[in-house]
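Reviewing the structure listed below.
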């Protein structure tokens, strides 16, 4: 049986910081990218291949995926019939408000088909724009409380620290993201040869410096679109032009800068 390619992106008007994404894909893939908030994903059919931490994780139907803010990850199809999955993106402050502390998800994947069914219903209860704000927030809070109570989280800071050179390089990239970041300039910054830098960076971050930079630029531009026009966001995030940003946003997030900005404007009315 063939399944048509399908993706959808939605910002609930009750809380524009929350995002919903659905995908039913057979050939499409999403390159490494990151989200500014927590991401909870559920796989309904097929096998999702999740690229995370330099490894490829097969995630079968009936699984829940947990991603922390700013964690780079990529997605592709791991089954001949494709994969159907959906995600809920929640700002970190909402999780912190419920839990009473800052934290990170302790695990990447949990296989629990019964929980997936419950989460699917709970996620889709957030998709009606006519739901009263009070009721909507009760539903979202219920989802977050459920995640916290299932001990899916650990105290922030328990993840492995970065190597000192890698930490300095990541900070340097963050401070210079809007400017030119050549491999040679990065290598000089940490006194490594370009070849050694690429090997070390990929070993520590799971991706090459170029992939990391483009993922960070795309995530930054997405945030800037909340207050800036696409061309301005593209320039501020270090893209050559708006069309370059459009290609990356479409590839990473399944939407374009213009569509995303309109979605946020509609949600904020």
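Taking residue 86 as the residue in question, decide whether it is in the same structural domain as residue 136 (by TED's automatic domain parsing) and not in a loop (DSSP other than H, G, I, E, B). Judged against the criteria, residue 86 is a match.
What are the residues in segment 49-78 that are within 23 Å of residue 127 (Cα to Cα) and more than 14 Å from the chain's Cα centre (by Cα), if any?
Correct list: 61, 62, 63, 64.
Could you identify the single residue in 16, 32, 12 that is assigned to a loop (DSSP other than H, G, I, E, B) and surrounded by 18 or more Cβ atoms within 10 Å (Cβ to Cβ)? Criteria check complete, one pass: 12.
Looking across 16, 32, one residue alone is within 17 Å of residue 76 (Cβ to Cβ), touching a residue at least 40 places away in the same chain (Cβ under 8 Å) and either outside the structural domain of residue 223 (by TED's automatic domain parsing) or out of contact with any helix residue (DSSP H, G or I) (no Cβ under 6 Å at 6 or more places or on another chain) (or both). It is 32. Under the condition of being more than 19 Å from the chain's Cα centre (by Cα) and surrounded by 13 or more Cβ atoms within 10 Å (Cβ to Cβ), the residues counted in segment 87-112 number 4.
Please list, ordered by residue number, the helices (runs of 4 or more DSSP H) wholly in segment 222-269 having 2 or more residues that are touching a residue at least 24 places away in the same chain (Cβ under 8 Å) and surrounded by fewer than 17 Cβ atoms within 10 Å (Cβ to Cβ).
On the way: elements: 230-236, 242-253, 257-268.
Answer list for segment 222-269: 257-268.
Give me a count of the residues in segment 192-209 that are free of Cβ contacts under 8 Å to residues at least 12 places away in the same chain and more than 20 Å from the chain's Cα centre (by Cα). I'd like the intermediate steps shown before the answer.
So the first thing to find is which residues in segment 192-209 are free of Cβ contacts under 8 Å to residues at least 12 places away in the same chain, and the list is 193-196, 199, 208.
Subset that is more than 20 Å from the chain's Cα centre (by Cα): 193-196, 199.
Total satisfying the criteria: 5.
The values are calculated or read from the model by the stated rules, or taken from the named source; none is laboratory data. Only a predicted model underlies this, so the values are computations on that prediction, with no experimental measurement involved. With ideal geometry, Cβ positions are generated from the backbone for all residues, glycine too; neighbour counts draw on all protein chains shown.
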